[in-house]
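Below: the structure, in structure tokens.
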Amino acid sequence: MDIMGFLRQRAGDFRCPVCRRSLADCELRQLAHQGPHYTVQVTCRHCSMAFLVALEVQGGAEAEATPSQMDPISPDELLELHRQLRDFEGPLTELLERPSRRD
Ligand SMILES: [Zn+2]
């Protein structure tokens with residue numbers, strides 16, 4: 001699926017965690033893609049704050065995935081990612097290569 005197109009459509013539903021303005025015209029950059037997992041960098045046009053959004057496309061094969069099968073991205077999740085990034089020191093690549101843990 002066109003994950004970037006999907007995010008572009010949805011971006012206007014969310015606000016920048018820093019300046020609280022709409023992310024409708026934010027800059028989107030896909031950093032990583034492994035199976036159903038996507039990592040996208042979002043950069044606010046207004047204050048230039050950049051943060052990562054981690055997405056998992058549900059429902060099996062990509063070709064069968066539709067936006068309705070994805071969990072909505074909540075502003076809280078964006079905020080949490082922002083907090084994690086703010087406290088993180090080191091290269092971005094190190095952050096992306098960290099194994100994710102699920103409890
Ligand atoms: Zn902003």
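From the residues in the range 50-76 that are over 9 Å from the mean Cα position of the chain (by Cα) and under 17 Å from GLY12 (Cβ atoms), which one is modelled with the lowest pLDDT?
Step by step, filter the range 50-76, then rank; the result is PRO67.
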### Summary
Those residues of the range 1-50 which are among the charged types (D, E, K, R) and not in a helix (DSSP H, G or I) amount to ASP2, ARG15, ARG20, ARG21, ASP25, GLU27, ARG29, ARG45
### Query
When only residues in the range 8-35 that are more than 23 Å from VAL57 (Cα to Cα) and in contact (Cβ under 8 Å) with a residue 40 or more places away in the chain count, which is nearest to the chain's Cα centre (by Cα)?
PRO17
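The values are calculated or read from the model by the stated rules, or taken from the named source; none is laboratory data. All values derive from a computational prediction rather than experimental measurement. For neighbour counting, all protein chains shown are included, and Cβ atoms are generated from backbone atoms with ideal geometry for every residue, glycine included.
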